[in-house]
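> I'd like to ask some things about the structure below.
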Amino acid sequence: MKITVLGGCGAWPTAEQACSGYLVDHEGFVVLLDPGYATLPRLLELMPAERVDAVLVSHGHPDHCADLNPFLRARALGDAPPSALPVYALPGALDAVLALDNPRMLADSYVLREFEAGDRFEVGPFQVETWGLPHFVPNAGMRLTAAGSVLAYTGDTGPSPEIVTLARDADVLLAEATFPEQVLPEKDAPFLTTARQAGEYAAEAGVRRLVLTHLWPGSDPSTAVAAARHAYSGSLDIATAGMVIETDS
């Protein structure tokens, strides 16, 4: 399994970093996971839009799905539009972004396949398991398995014991870590995760590699790493555009 980071900035993109977006490739089948703000230009640096085989979206906040619109435009309005792309999301999560255009213009470019948190399904060679994790809107944590390799992804989430279940023995845990030590304002603490908490979950789950993502724009990545290190001693990175992770399995 090959994982390529398109962006890992929370809330809005910066001049250096797009929002959440990841390509997951196994034996040539490419999944676009969370096409957040400004991820399409990063994707197009690597491949044409037509090269993607499926899209998975964790939740409906625009920093995780806004670039689905230009991505579908790039597929639908090109000289040789490809076949309809399967797009997987929770019920209603993509209503707003799909309403940006006249429905007829993009109608043939995608097939929406809504799932409920807790569902399991196949996407090409990937087995996908999902968990409902706490956020301001419904959010699905996802576990993608292919040929023995496992990527666990939290989407955006508050503290939950389900994160350990989601991430158990994963090769890679891609974990939201908006703040290093404390969620601010405090009223948001049930809906977001700190880097320290991500490190604790990674240690308890026994993951091989922890990648912190969704850091607050402009924050110092070294503070997130230091916070996660309180509990996690394994391989640890910050999700940055262009990072490529290849699992051994």
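> Find the Cα radius of gyration of region 2-246, compare it with 2.2 N^0.38 Å by division, and give the number to two decimals. Mind dumping the intermediate values first?
On the way: Rg = 16.7 Å, N = 245, 2.2 N^0.38 = 17.8 Å.
Taking the Cα Rg and dividing by 2.2 N^0.38 Å, one obtains 0.94.
> Give the shape of region 56-132 as rounded, prolate or oblate, defined through the alpha-carbon gyration tensor: a ≥ b ≥ c are the square roots of its eigenvalues, a/c under 1.5 means rounded, and otherwise the shape is prolate if a/b is larger than b/c and oblate if not. Intermediate values should be presented prior to the final figure.
Numbers: a/c = 2.33, a/b = 1.47, b/c = 1.58.
Note, shape of region 56-132 comes out oblate.
> Hey, can you grab everything whose amide H is under 5 Å from the amide H of Val150? Only 5+ residues off in sequence or another chain; H modelled, so Pro and N-termini drop out.
Long-range HN contacts for Val150: Asp171, Val172.
> Additional query: Could you work out which residue, out of Asp188, Asp79, Asp237, moves most in a Gaussian network model of the chain, that is, has the largest mean-square fluctuation with Cα springs under 10 Å?
Asp79
> Pick from Ser219, Ser20, Ser58: which is most flexible by mean-square fluctuation in a GNM of the chain where alpha carbon atoms under 10 Å apart are linked?
Largest GNM mean-square fluctuation: Ser219.
> Using 0.36 nm per residue, how much length does the chain from Arg104 to Met47 gain when fully extended, once their Cα-Cα distance is taken away? Display every interim value, and only then the final one.
Values: separation 57, 0.36 × 57 = 20.52 nm, distance 2.60 nm.
Stretched out fully, the Arg104 to Met47 stretch lengthens by 17.9 nm.
> Using alpha-carbon pairs under 8 Å, 6+ residues apart, how would you state the relative contact order of the chain in percent?
On the way: 629 pairs, mean separation 46.3, N = 249.
Value for the chain: 19 percent.
> Can you give the charge dipole size of region 135-204 about its Cα centre, rounded to the nearest 20 debye, using +1 on the beta carbon of Lys and Arg and -1 on the beta carbon of Asp and Glu? It would help to have the intermediate numbers written out before the result.
Details: 4 positive and 10 negative charges, 26 e Å.
It works out to roughly 120 debye.
> Pull out a ≥ b ≥ c, the square roots of the eigenvalues of the alpha-carbon gyration tensor of region 108-176, then state rounded if a/c is under 1.5, prolate if not and a/b is larger than b/c, and oblate in the remaining case.
Numbers: a/c = 2.08, a/b = 1.13, b/c = 1.84.
The shape class here is oblate.
> A further question on this structure: Please say if region 2-123 is rounded, prolate or oblate, where rounded means a/c under 1.5 for a ≥ b ≥ c the square roots of the C-alpha gyration tensor eigenvalues, and otherwise the choice is prolate for a/b larger than b/c and oblate otherwise? All intermediate terms of the calculation are to be shown ahead of the outcome.
Numbers: a/c = 1.15, a/b = 1.09, b/c = 1.06.
Here region 2-123 falls in the rounded category.
> Quote to one decimal, in nm, the extra length available between Glu246 and Ala147 on full extension: 0.36 nm per residue of separation minus the C-alpha distance between them.
Values: separation 99, 0.36 × 99 = 35.64 nm, distance 1.29 nm.
Stretched out fully, the Glu246 to Ala147 stretch lengthens by 34.3 nm.
> Which residue, Glu200, Glu27, Glu114, tops the fluctuation ranking in a GNM of the chain built on C-alpha contacts under 10 Å?
The residue with the greatest mean-square fluctuation here is Glu27.
> Please get the size of the charge dipole for region 6-61, origin at its Cα centre, with Cβ charges of +1 on Lys and Arg and -1 on Asp and Glu, quoted in debye to the nearest 20. Kindly include the intermediate steps, with their values, before the conclusion.
Values: 2 positive and 7 negative charges, 33 e Å.
Result for region 6-61 is approximately 160 debye, rounded to the nearest 20.
> Can I ask one more? Helix-only mean residue ellipticity at 222 nm, the chain, DSSP H runs n ≥ 4 weighted -39,500 (n - 2.57), per residue, nearest 500. What is it?
Values: 8 runs with 52 residues, N = 249.
Result for the chain: -5000 deg cm²/dmol, rounded to the nearest 500.
> I've got another one for you. Quick one: what Rg and Dmax do you get for region 105-249 from the alpha carbons, in Å?
Every Cα atom of region 105-249 included, Rg and Dmax give 15.5, 50 Å.
> Specify the angular offset, from 0 to 90 degrees and rounded to the nearest 10, of the alpha carbon long axis of helix 195-205 from the longest principal axis of the alpha carbons in the chain.
That works out to roughly 90 degrees.
> In debye, nearest 20, what is the charge dipole magnitude of the chain about its Cα centre with +1 on Lys and Arg Cβ and -1 on Asp and Glu Cβ, if you could check? Working shown, then result.
Working: 15 positive and 32 negative charges, 16 e Å.
In debye, rounded to 20, the chain gives about 80.
> Name the residues whose placed amide hydrogens come within less than 5 Å of the amide hydrogen of Met243, ignoring near sequence neighbours (fewer than 5 apart) on the same chain.
Residues meeting the amide H criterion: Val5.
FYI, it's all coordinate maths here, none of it is from the lab. The model shown is predicted, which means the values in this text are computed figures rather than measured ones. So basically every Cβ, Gly included, is an ideal-geometry build from the backbone, and we count neighbours across all protein chains shown.
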